[in-house]
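In what follows, a structure is listed as structure tokens, so that the remarks can point back to it.
Every read-out reported here was derived from the displayed coordinates using simple, explicitly stated rules and does not represent laboratory data. Computed from a predicted model, the values in this text were never measured in an experiment. Reconstructed Cβ throughout: ideal geometry from the backbone, glycine too, with neighbour counts over all protein chains shown.
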Amino acid sequence: MADDTEISSPAATLVAEPGPETAGRRTMILNMGPQHPSTHGVLRIVLELDGETIVKARPDIGFLHTGIEKECEAKFYQQVVPLTDRVDYLANLSNNLCYCLAVEKLLGIEVPRAAQWMRVMLTELTRINSHLVWLGTHALDIGAMTVFFYCFRERETICKLFEKFSGQRMMTSYFRIGGLALEPPRGWQQAAGGFLKHFPANVDEYEDLLDKNPIWLRRTQRVGQVPLERMLDLGVTGPMIRAAGISWDIRKSEPYSGYDEFDFEVPTRTENDVWARYRVRMEELRQSWRIATQALEGMPGGPWMAAAPKVVLPDREKMKTQMEALIYHFKIVTEGFRVPAGDVYQCIESPRGELGYYVVSDGTSKPHRVFMRTPSFGNLQVLPAMLEGRLIADSIASLGSVDFVLGDVDR
Amino acid sequence: MLSEELTQIPAISALAESYGAAILEGGLSRGEAALYVDPVRIIEICRFLKDEQGFSRLSGVTAVDWHPVEPRFEVVYLLQSLPAGQGGPPQTARLRLKCRLHGEAPEIDSVYGVWRGADWYEREVFDLFGIRFREHPNLTRILLPEGWQGHPLRRDYPKHGHKYDYGEET
Amino acid sequence: MPPLPQTVPLSWYLLLSAILFGLGVAGFLFRKNIITVFMSIELMLNAVNLSFIAFSYQFRQVDGHIFAFFVMVVAAAEAAVGLGIILTVFKNRATLQIDEISTLKN
Amino acid sequence: MNFYILTLIKAGLVAFVLLTTAAYLVWIERKLLAHIQLRLGPQRVGPHGLLQPLADLVKLVTKEGLIPQQVNKIYFLLAPFAAVMLALISISVIPFGPEVEIFGQRTWLQLTDLKIGVLFVLAISSIGVYGVALGGWASNNKYALLGGLRSSAQMISYELPLALAIAAPLLLSNTLSFRELVETQSGFLGGVLGNWNLWYQPVSFLVFLISAFAETNRVPFDLPEAENELVAGFHTEYSSLGFAAFFTAEYANIITACAVGTHIWLGGWQPIIAPHLGGIWVPSLVFAFFGIMSLFHATQPARRWDKYTFPVLGLAALGLAALFAIPLLQPVLVPLFWFAAKTGALIFLFIWIRGTLPRFRYDQLMRFAWTFLFPVALVNLLVTGLVVALQP
Amino acid sequence: MDVILFLIFAFIAVASAVSLVLQRHPISSALSLIGVMGALAVLYLLLGAEFMAAAQLIVYAGAIMVLFVFVIMLLNAGRERPSAASRLVRWLGIPLFTLFIGVMAYFIQTFFPKTLDVSFGGFTQGAGLEIGRQLFTRYLLPFEVTSLLILIAIIGAIVLARKEI
């Protein structure tokens, strides 16, 4: 055996030169991502390892930065809606909703009750959709393969439902400033009702696979804990903070789109670990189901669009019969609508936490500035605190429990 | 100088009492309170609001560029308090702080010391607007690559990027 | 070339054992890497085991096997402790070269 | 010379059957997992994806074998070879059935019988770690190295409970040869149920199963290749034939482990039910039932293809049933059937577990081996030893 | 047949041992040593020591050498640097080695005449039964003492493996 090839190289070093931060200890730098099965996209985490223990974790983001905020400045207000879909591609309707609410607030438009309820129903389905993807991938990360397929079975139904409504499975862009883009299709009640009827049983099924599974418990309990103060300090929101014991849900504390008319609970846990986040999201699945069922059953009648001719595209029917409607249609499509100057910050509870749109208008038909306060960006800051001092395997579970979407982080 | 409605909000009246001179302007529109404050004293004000008035959360930090106008930049802090409600979810109050900065080498103190969560937001503002945050522990580009030229969210940064500027749209 | 014998003379086994032992000694003396030195010792032990088992065959008794078995056990214990020592030494000195670990003081 | 020819024929046959089984095990696993997960699994290549293994083979062979720049070439190429070779060697001492007469030749359905067959399998499996460790190390990739390190530590640790678990039934059977092991389990408890070691040694069987999961790097112990942590673990850098070799080795190891379990605890090729209760007809009945089911389903095809595939399948099964009913062939085929059925049941367990359980964390895995499995196996061995010693 | 097998595996053993001494990289040396052990296991089989052959593979190749490989991988031990003195030693070494082998061969030929032959199957007690019996009767005390030794080794290894020393 000729041994001409040089074997020892820095890549294979478990025992590197002692770094300045970890004087005396030998560590290895592991570049996790941007292409790694468990970073859920293009997140890169630079891990400094001592054996399999993480000494230091430094997240590196921006690989999916597409400059959506800049792009918004070049679009008319109504043209921004499809862009918001691409921010958090798993909770597109939440983003649609938040943006529409913000602009409606600027415009001072009141959305009809039927549209509000429909929005609530669809955003809750979006939440279910997003949580299902989270549960599936999270379980897959920990090695439970079957849960993934079970979750995607229900997600498929939701996607088909969305397709029925908007013609698109993921990038629905279904909400418009002033209401809904299209009238709901015929037979939508049956379609939505059919899904909602079976869903609780499906959640039980997921729990059957995981809840009492000793390996699952061992992998999730007391993993990924961060002190509550640290979490608040870092601006963590959503299920993460609810799993830490704070019963804060924007749907309750600052109701929007008629959420105060619905009866639901805000699930909380106090353990503040991966397990608690899992439990909180599982409960949220049930609560979302409750809200969606209520919305479906009590769906009020009436128009789907606000009575704001300068903002809302006119009916096809009217356009062909009324001159005025045709003019409005022409003006809205070609030069958009003007929005009074000012700024608003509208936040909603997205599946991941506080989703806020800070929209600044300078009085023209294009937004001067759209800032997206995305939940994943805020939540991801907690990573170093969560990973350091833990094992690599725990980092996978912890990462999954944050439930971030890279589109949401990088925008 | 603050409007009647604004001073009825306890946190703002308390702030006006202690830091009256630092509050330059204030307004309440569409139910949202916003204060323009002196950029020099931003840390003190934030600390006061966090420690005394319960604004324990920083939702985000961003900026707005009013390009031809000077002072050009507005740094916006989105604050939120989370006091526990009576037997229910916390009652939240929101407040916006704004600081105007001049376009020549804009600089402001970092509020990282007050809320750790400001870390990435300030880096993002630095990255996209080129506003420097003094005393920030790691002020580097966060979304764009290290060697990127310019700050894209400035209004004078072409919307189609440098290479593809056809001169039609600005 | 003489024809090969039908059976193997016992002395061949012993000679093989001697050669292996000699090579072990050579490795022990020549090599600078502490792990390789350690492996050379293992080679010598193996060579001795071969002799034991060959003798065991000669006397048609299993006592040789049992001695070889004990040697093996000792080798296992030795490997556990020895490698532990090597790990510790490497942690403190960052080298495996035996001539660089000549002093007890750090 | 007859002996050599026969051995060569048998070796070729065994290698062929084992490799084909390993390839089809992939298909079976994909199908089973798919059905556990409410999917259909492979469907495109051949009826019900039956030619999928062939397609996989063609794909893997014709793919470019990439050797990255930074690897140590010799060991990089040696590792998959060693893995697959060691995986195939250990099958040579495992019998598939009793002594039979084929074309007037009396022979054992086994390559060779070692007096220390069990020890031999243990020895080979303990060396099996080199393929994985070396592959991980030679790849010169951090993920692969971590995978290699994990697997060597894991396999050393689980080797202990495995050996201790095997030792206990050996005390009962008082032999190290697989052939004799199976023969000591002949006879029937109360004249009905097979006199298996499993009934006397349930604890050691469980310990063996768990350790076997760990030794073959299967869920929930598949940490060396945990794709969510270490990308693909030790075979991150392997493609084409290298990857195929590791894959084959893994499945061959599963087959070996299951066969060993069958022989030591489940009575090898001994039937479950005594012959006088109709045990000899069980294979025929099973195949006949399967064939009738297939034919029945062919009348109500769920998919277009089923109209043609199910009758073929059904007729083939009925043919097998008839084959098993021929008295002349029964002495050969029935033991083979039982052996295959028991091994298949264990393999099914392996796949089933993969569809159900998540993965352990590394430290939990080690703690499980040392603080639970090892003491349990040890106590079981002590108790067994005491009982055997105190028996008159 | 016996002779052919012996010669093949003796050659493998010697070649691997030479490779162990001459290879510059510890991993190569370790693999060579595994080769030696594998060849020796086959030779043990030829000598009728079936149990020892299996033990050789399980304990030596399967456990001890895995530990070695593990440590080499863990430390990422690189190629050895030849030191200045080694050339002199090598010049002296080869004659010394030949001398040693020669002397040994002489003694072996003197003490063990050629009449002692080894044929496969000539000794059949090495299959575990006899070893076990001897181990637990005649050699019970040494056996217990080795268990004590192993205990001490375990404790020693644990103490050494602790982080702060």
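Within the listed set D:Tyr24, D:Tyr200, D:Tyr308, the Gaussian network model of chain D (springs between alpha-carbon atoms below 10 Å) gives the highest mean-square fluctuation for D:Tyr308. Using 0.36 nm per residue and subtracting the Cα-Cα separation, the extra length available between A:Glu388 and A:Met323 on full extension is 16.8 nm. Computed on chain D, the Cα convex hull volume stands at 159 Å³ per residue. Multiplying the residue separation of B:Glu4 and B:Glu25 by 0.36 nm and removing their Cα-Cα distance gives an extension gain of 6.3 nm.
Note on chain A: the C-alpha convex hull projects to 24.6 nm² when averaged across all orientations. Label-point separation (nm) for C:Val71 and D:Lys63, each offset 7 Å from Cα along Cα-to-Cβ? So the two model labels end up 4.6 nm from each other.
P(r) tail, chain B: Cα-Cα pairs separated by more than 28 Å, 28% of all pairs. Peptides D:134-145, D:241-252 ranked from most to least packed give D:134-145, D:241-252, packing being the mean of other C-beta atoms within 10 angstrom over each peptide's residues. The charge dipole of the protein assembly as shown, taken about its Cα centre with unit charges on the Cβ atoms of Lys, Arg (+1), Asp and Glu (-1) only, comes to about 1740 debye. The angle between the Cα long axis of helix A:113-142 and the main principal axis of chain A comes to about 20°, on a 0 to 90 degree scale. Here's the picture: a label point sits 7 Å out from the Cα of E:Ala105 along the beta-carbon direction, and within region C:16-56 the residues with their amide nitrogen under 12 Å of it are C:16, C:19. Set the Förster distance to 25 Å, then compute FRET efficiency between D:Tyr24 and D:Leu323 from the Cβ-Cβ distance, nearest 0.05. Here the calculated transfer efficiency is 0.80. Please give the helix B:118-129 orientation as an angle from the longest Cα principal axis of chain B, in degrees from 0 to 90, rounded to the nearest 10. The answer is roughly 40 degrees. Per-peptide packing, taken as the mean over residues of other Cβ atoms within 10 Å, places A:273-284, A:127-138 in the sequence A:127-138, A:273-284 from highest down. By the Cα gyration tensor, the protein assembly as shown has an equivalent ellipsoid whose semi-axes, rounded to whole angstrom, run 69, 39, 25 from largest to smallest.
If only the Cβ of Lys and Arg carry +1 and only the Cβ of Asp and Glu carry -1, the dipole of region A:239-315 around its Cα centre is close to 240 debye.
What's the FRET efficiency of E:Trp91 with E:Ile155 using the Cβ-Cβ distance as r and R₀ = 41 Å, to the nearest 0.05? Result of the calculation: an efficiency of 0.40.
Gyration tensor analysis over the Cα atoms of region D:276-330 returns equivalent ellipsoid semi-axes of 27, 11, 5 Å (largest first, whole Å). Each Cα pair under 8 Å and six or more residues apart adds its sequence gap; the mean of these over the residue count of chain D is a relative contact order of 21 percent.
Applied to region A:260-271, the Karplus parametrisation 6.51 cos²θ - 1.76 cosθ + 1.60 on θ = phi - 60° returns per-residue 3J(HN,Hα) values of 5, 8, 9, 9, 7, 10, 9, x, 9, 9, 10, 5 Hz, with x for Gly and Pro. Extending 7 Å from the Cα toward the beta-carbon at both A:Gln190 and D:Glu99 defines two label points whose distance is 7.3 nm. Here the calculated FRET efficiency for C:Lys91 and D:Thr371, from their Cβ-Cβ distance with R0 = 30 Å, stands at 0.70, rounded to the nearest 0.05.
Helix by helix through chain D, keep the DSSP H runs that span 20 Å or more along the axis on Cα and average at least 0.5 on Kyte-Doolittle, and give those back in order. The answer, listed by residue number, is D:2-36, D:73-89, D:142-173, D:240-265, D:282-299, D:306-325, D:330-356, D:374-390. Relative contact order, whole percent, for chain A stands at 24, derived from Cα pairs under 8 Å and 6 or more residues apart. Working from label points 7 Å from Cα in the Cα-to-Cβ sense, the A:Arg113 to A:Lys164 distance is 2.5 nm. Pairs of Cα atoms nearer than 8 Å and 6+ residues apart set the relative contact order; for chain B it is 17 percent. Per-residue mean of foreign Cβ neighbours for A:391-400 is 4 (Cβ atoms of other chains, 10 Å radius). With the Cα gyration tensor of region A:126-281 giving a ≥ b ≥ c as the square roots of its eigenvalues, does the rule (a/c under 1.5 for rounded; else a/b larger than b/c for prolate; else oblate) give rounded, prolate or oblate? Note, shape of region A:126-281 comes out oblate. Indicate the gyration tensor shape class of region D:1-119 (rounded, prolate or oblate), computed on the Cα atoms with a ≥ b ≥ c the square roots of the eigenvalues: a/c under 1.5 is rounded; otherwise a/b larger than b/c is prolate and the rest oblate. It comes out oblate by the Cα gyration axes.
log10 I(q)/I(0), Debye, Cα-only region C:10-101, no solvent, q = 0.17, 0.20, 0.21 Å⁻¹? Values, matching the q order: -0.77, -0.93, -0.98.
Computed over region A:102-218, the range of Cα coordinates on each principal axis works out to 53, 32, 21 Å, biggest value leading.
Judged by the gyration tensor of its Cα atoms, with axes a ≥ b ≥ c, region B:4-105 is prolate; a/c meets the 1.5 cut and a/b is the larger of a/b and b/c. Shielding by partners for peptide A:245-251, expressed as the average number of C-beta atoms from other protein chains within 10 Å of each residue's C-beta, is 3. Against the longest principal axis of chain A, how steep is helix A:274-297, in degrees 0 to 90 to the nearest 10, with axes from Cα atoms? So the inclination is approximately 10 degrees.
Stokes-Einstein D for region D:153-194 at 37 °C, 0.692 mPa s, Kirkwood Rh over Cα pairs, in µm²/s? Answer from the Stokes-Einstein relation: 273 µm²/s.
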